[in-house]
Each structure stands twice: as C-alpha cells, then as structure tokens.
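The values are calculated or read from the model by the stated rules, or taken from the named source; none is laboratory data. What you are looking at is a predicted structure, and each value in this text was computed from that prediction instead of being measured. For neighbour counting, all protein chains shown are included, and Cβ atoms are generated from backbone atoms with ideal geometry for every residue, glycine included.
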Amino acid sequence: MRRNSKKVSPMSNEGRNAYVIKHLTDAFLSLLAEKPLEDISISELVDTAGVGRASFYRNYERKEDILRSHLDTLFREWTDEWEEKDGAPLSEQVCTMIAHFEKHRSFYQLLNERGLIYMLKDAIIGICGPKPEYEKTQAYATAFVAYSLYGWIDVWFQRGMLETADEIAELFKAQEL
C-alpha cells in the first residue's frame, strides 16, 4: 500500500495536480473548522484554495471526497504500521491504531465535532473487515473485529479522546477472552 515518494517537478501535470489537491484539502479543512460541511459551497472552497472550479471537479465529485481522500492518506500511514505488526495481539494493534488517532488528533476531533466520524467506519472495515474471498468463519470473525474496533473508536471519540493509546490497549486486553 505504500506509495513511492518520488520527486515531481512542480511544473508537471502531476506536480500541478498535487498542488491543487493540497490547496483544496487545506482550504476545506480550514472552512470545516469554521462551519458545518453543508454550509461550505464549492465556490467558497475553490476561492479559499485559490484554484479554479474545474480543478475541483477534475479531482472530486463532492466535497466529502476531499475528506475521504485525506482519510485514505492518513490511514495508509496506519495500515503500514498495522501490517508490520501482523500476528501481534489485537490489543497491541488497537494501541497502534489509537496512537495514530492521537497523532492526528486535531483532524479527527474536527471530524467528530462536525458529526463526520462515521466516515472512519468504511475505512476501518476496508482495512480490517471481511473480504469477498473469505470463507464464512473468517468473514464473520473479521467483521466482528472490524466493527468492534469502530465501536471502540466511536466511544473513545464521544468520551473526548481522554484515554491514551496504552490505556485503551489495556482496556481492550481486559475484554479479550
């Protein structure tokens, strides 16, 4: 899942597109900190980002796609760590996951404040959940784990992200059979 980090000329199409995506993302997160998603217009977004309207639609269909793309970028970082610890106890994996959320606390708090934390569910299910090729036992077991993780994350956010990653891991470990 790791993308190659290569040098891209700022004048290339790829460089210009990276510029547009970064500016749209930064502008969107800035506007989202000020007001709810539904109150942000595409016109206001592109004006704040300093890019053209066509640049928005070349990269995204809806404003929510900016969040999904940003989540994908952040989650790629977490999944790399998750995969490195493949086979580790689930409580250790949970600690890694919560540490990721702590590292990017301001972004995830913003999602929570704006009622958008549900967007994490699809990302978590995509990473930890069942795959079409799984046989039924594995499919149900991975669904149980993925939805449990999302439930723990949701409660942690609703409680104000008070517990540390280590505290959550210990709480999770106490629940394991």
Legend entry - Options K131, K121, K136; residue that is out of contact with any helix residue (DSSP H, G or I) (no Cβ under 8 Å at 6 or more places or on another chain) and either crowded, with 16+ Cβ neighbours inside 10 Å or among the charged types (D, E, K, R) (or both): K136
Legend entry - Residue within the range 35-43 that is closer than 30 Å to V94 by Cα, surrounded by 13 or more Cβ atoms within 10 Å (Cβ to Cβ), under 22 Å from the mean Cα position of the chain (by Cα) and in the same structural domain as T25 (by TED's automatic domain parsing) present: yes
Inset, instruction - Find the residue count for the range 108-144, including only residues that are among the aliphatic types (A, V, I, L, M) and farther than 13 Å from M97 by Cα. - result: 9
Inset, instruction - Would you be able to tell me the number of residues in the range 40-57 that are within 18 Å of N17 (Cβ to Cβ), outside any helix (DSSP H, G or I) and not small (G, A, S)? - result: 1
Legend entry - Set A88, A165, A141: member being of a type in the set (A, V, I, L, M) and under 19 Å from the mean Cα position of the chain (by Cα): A165
Inset, instruction - Might you let me know whether the range 4-26 holds any residue that is in a helix (DSSP H, G or I), small (G, A, S) and either in contact with a strand residue (DSSP E or B) (Cβ under 6 Å, 6 or more places away or on another chain) or at pLDDT 95 or above (or both)? - result: no
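Per-residue answers, yes or no, for (1) of a type outside the set (A, V, I, L, M); (2) modelled with pLDDT of 85 or more:
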{"site": "R76", "(1), (2)": "yes, yes"}
{"site": "E81", "(1), (2)": "yes, no"}
{"site": "K85", "(1), (2)": "yes, no"}
{"site": "A88", "(1), (2)": "no, no"}
{"site": "V94", "(1), (2)": "no, no"}
{"site": "H100", "(1), (2)": "yes, yes"}
{"site": "E113", "(1), (2)": "yes, yes"}
{"site": "L120", "(1), (2)": "no, yes"}
Legend entry - Matching option when the condition is among the hydroxyl-bearing types (S, T, Y), free of Cβ contacts under 8 Å to residues at least 12 places away in the same chain and over 24 Å from L67 (Cα atoms), among Y140, Y118: Y140
Legend entry - Output for the range 125-177, where each listed residue is closer than 25 Å to E113 by Cβ and of a type in the set (A, V, I, L, M): I125, I127, A146, L149, I153, V155, M161, L162, A165, I168, L171
